[in-house]
Amino acid sequence: MPAHLGEIKIVDLENSEWDKEQSDRSKGKYVFTDKRHIDYRSPRVVKPRFIVKSHRNSPDVIMGLQYSNYEWTLLTTEDNYWPEGLVPNATGNYVFKDAIFMKCPVTKYLENRRAEILRSENAPKMIQNQMKAEAAHYGIGLSDEELGKMMSVRKG
């Protein structure tokens, strides 16, 4: 059993070689001949179809994630992923202390992250345009330089 959440590696059962007869998914016991961990960065491995992450184990958090644009679902013993060292609970989910493991389709995850990053990158320009429009409403013309000075953060 791992001591810390960060120590848990996710085993990709779909691309690992393991003895299905000697292994018992319901008890978190596996016999491997070739164990493969999920690696999202290495170009040498098969990319998983799901992003697997831990989230706070709270009904509100879980429900919110399941109904988000990401479509997170609980990781179960039926899935082809195993948080190494964990034994599934009575409902077949993987829980570690106050965290529960969930999965999201990679394509959905990347699509949503891209949209979030674009919104984040465009936010400052949108705020600047909004400030210019508000100033113009009051008859004040702001140059880009003046607006930049107004929005800069002073140190000290």
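Figures for the structure shown
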read-out: For the chain, with +1 on Lys and Arg beta carbons and -1 on Asp and Glu, the positive-most of Pro105, Gly139, Gly28 along the dipole; value: Gly139
read-out: The range 71-113: trypsin sites (Lys or Arg not before Pro) in DSSP coil with no more than 16 other Cβ atoms inside 10 Å; value: Lys97
read-out: Radius ratio Rg over Rh of the chain, counting only Cα atoms, Kirkwood formula for Rh; value: 1.21
read-out: Peptides 130-141, 85-96 ordered by average Cβ neighbours within 10 Å, highest first; value: 85-96, 130-141
read-out: Using θ = phi - 60° and Karplus 6.51 cos²θ - 1.76 cosθ + 1.60, couplings along the range 60-65 (whole Hz; Gly, Pro as x); value: 5, 5, 4, 5, x, 5
read-out: Relative contact order (%) - criterion: Cα under 8 Å, at least six apart; region: the chain; value: 22
read-out: Distant-in-sequence amide H partners of Ile51 (H built 1.01 Å from N, under 5 Å); value: Cys104, Val106
read-out: Residue among Trp18, Trp72, Trp82 with the largest mean-square fluctuation in a Gaussian network model of the chain, springs linking Cα atoms under 10 Å; value: Trp18
read-out: Lys27-His55 pseudo-label distance in nm [points 7 Å out on the Cα-to-Cβ vector]; value: 3.2
read-out: Amide N of the range 97-128 lying under 13 Å from the label point, which is placed 7 angstrom from the Cα of Leu147 along Cα→Cβ; value: 123-128
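A short reminder: the numbers here are calculations on the coordinates, not readings from a lab. The structure displayed is predicted, hence computed values, not measured ones. Here the Cβ is made from the backbone with ideal geometry for all residues, glycine too, and neighbour counts use every protein chain on show.
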